[in-house]
1. Looking at Ile91, Ile97, Ile45, can you tell me which residue is in contact with a helix residue (DSSP H, G or I) (Cβ under 7 Å, 6 or more places away or on another chain) and in contact (Cβ under 8 Å) with a residue 24 or more places away in the chain?
2. Among (1) over 30 Å from Ala212 (Cβ atoms); (2) among the aliphatic types (A, V, I, L, M); (3) assigned to a helix (DSSP H, G or I); (4) at pLDDT 90 or above, there is one condition Leu335 misses while meeting the rest; what is its number?
3. I'd like to know if segment 7-23 contains one or more residues that are in contact with a Ser or Thr (Cβ under 7 Å, 6 or more places away or on another chain) and hydrophobic (A, V, I, L, M, F, W, C).
4. From (1) more than 27 Å from Lys24 (Cβ to Cβ); (2) assigned to a loop (DSSP other than H, G, I, E, B), pick out the condition that doesn't hold for Pro293.
5. Output the residue which, of all residues in segment 385-413 that are loosely packed, with under 13 Cβ neighbours inside 10 Å and modelled with pLDDT of 85 or more, is nearest to Thr281 (Cα to Cα).
6. I need the full set of residues from segment 181-210 which are under 30 Å from Ala299 (Cβ atoms) and at pLDDT 80 or above, in order please.
7. Please go through segment 211-238 and give me each residue that is at pLDDT 75 or above and either at negative phi or outside the structural domain of Glu294 (by TED's automatic domain parsing) (or both), ordered by number.
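The values are calculated or read from the model by the stated rules, or taken from the named source; none is laboratory data. These numbers were taken from a predicted model, which means no experiment stands behind them. With ideal geometry, Cβ positions are generated from the backbone for all residues, glycine too; neighbour counts draw on all protein chains shown.
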Amino acid sequence: MKKALLVGAYSGSSGKLACLDSLKELQALSETYGFLEFGFEACPIKKIDAATYIGEGKVEEIRQIMLAESFDVMIFDDEISPNQQRNIEEIVKKPVIDRTGLIIEVFAQRAHTKEARLQIESAKIRYELPRLKRLWTHLSRQRTGGGGGSGGGGYLKGEGEKQIEIDRRILDRRLVMVEQEIKEVKAHRALQRQQRIRTSIPTFAIVGYTNAGKSSLLNSLTDANVLSEDKLFATLDTTTRRFQLPNHQNVLLIDTVGFIRKLPHKLIDAFRSTLEESVYTDILIHVVDASHPEALDQAMESIHVLEEIGAKNKPVITVINKIDKVTDMKIVDELCYRYPNTVVISTLTRQGYDRLFELMTQMIQTLRKVMELRIPQSHYHVASELMKEGRVLETEYEGNDILLTIEIPQNLEYKALPYKKG
């Protein structure tokens, strides 16, 4: 299947423009999946039709369009119920995919790590379970001619219904196994996270809308060789790399999965453990594609997803990317006005990197604290740990005490407080 008709629905006179913008993003998703040719249909509706979402008359119009222009498939820009999906297919006589199903398939294509594959399989099973009935409509439902299976005049389950029950049991069992594996992977990730915390190396999560240039930024800073394409969801796998700032401060940079409008809750739940890397890092680097006409909306959508996963209170550096492609500087000015701690860069030309490093260094300073301490030599193990994890500014010895002026991570402040010079 190579030719897709993209269908969206809107209500009110002001809804059409937003619907068309969403269809453009749906086209980008479809291209990422592998479709080559597209048609667009924005359908005005007064209310959602329970049977077909957009109304039987409109579906009939779409059938005529698909027949006349030889479309292979209809892709609907919202999530539709299994019943609506089945009813539309019966009218248009072609496969129907909704936005959720398409995103799941794109994710499935591009997941490489064990965790990403497990998360996608979980989301896919949950999506397919209520749709099993639609998959087996080609098998007949059979009634007995006379008295039923044992002479009772009853109804025997048809071949399709038997297959649905078998498939449901198989999927239920597989889902239990997948969820158990996910728990094990999450436990391993939590252990890795604890190890990072113990090292006290500041961590930055690179977040933002898909295709904003997150992986390109990581690659240009660290030679990470993360797949970077001009496609939505070029990479789904979390990548962590060490980087040294110009002041020789080591940091960890974590690339995360991109955000998108109408991200299905099935996938937010499925990728929560991946997205939660944003929650457990020290600072967020929010990358925005300033060359995109919907840059402001994409930035707001990214902030919304961060709020959903509990990362909205993290310190944020807003990186306004792709300045080399910007034609409307008003968007850049508006982004700088809306968001504090902004820096304008190009990952292609490395423009703005010096300012980015300055902001990163300043943000790290807010995570660390300079303290003057008096530590008895009998507690040298405390001094040793603080000196290992912090940066010693001055050391003196007075009697049996060590006098330290030291910059330490905030997470070690509780160990230093009993020895604070008063």
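1. Working: Ile97 fails: in contact with a helix residue (DSSP H, G or I) (Cβ under 7 Å, 6 or more places away or on another chain); Ile45 fails: in contact with a helix residue (DSSP H, G or I) (Cβ under 7 Å, 6 or more places away or on another chain).
Only one candidate qualifies: Ile91.
2. Result: Leu335 passes all but (1).
3. Taking segment 7-23 first, the residues in contact with a Ser or Thr (Cβ under 7 Å, 6 or more places away or on another chain) are 8.
Retained after the next criterion (residues that are hydrophobic (A, V, I, L, M, F, W, C)): none.
No: segment 7-23 contains no residue that is in contact with a Ser or Thr (Cβ under 7 Å, 6 or more places away or on another chain) and hydrophobic (A, V, I, L, M, F, W, C).
4. The number of the failed condition is (1).
5. Leu393
6. Ile201, Pro202, Thr203, Phe204, Ala205, Ile206, Val207, Gly208, Tyr209, Thr210
7. Within segment 211-238, the first condition is being at pLDDT 75 or above, and the residues that meet it are 211-223.
Scanning segment 211-238 gives Ala212, Lys214, Ser215, Ser216, Leu217, Leu218, Asn219, Ser220, Leu221, Thr222.
Residue-by-condition table, conditions (1) more than 18 Å from Lys262 (Cα to Cα); (2) out of contact with any Gly (no Cβ under 7 Å at 6 or more places or on another chain); (3) buried (at least 19 other Cβ atoms within 10 Å of the Cβ); (4) among the basic types (Lys, Arg):
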position: Lys3; (1), (2), (3), (4): yes, yes, no, yes
position: Leu17; (1), (2), (3), (4): no, yes, no, no
position: Gly34; (1), (2), (3), (4): yes, yes, no, no
position: Gly39; (1), (2), (3), (4): yes, yes, no, no
position: Ala42; (1), (2), (3), (4): no, no, no, no
position: Ile48; (1), (2), (3), (4): no, yes, no, no
position: Gly57; (1), (2), (3), (4): yes, yes, no, no
position: Phe76; (1), (2), (3), (4): no, yes, yes, no
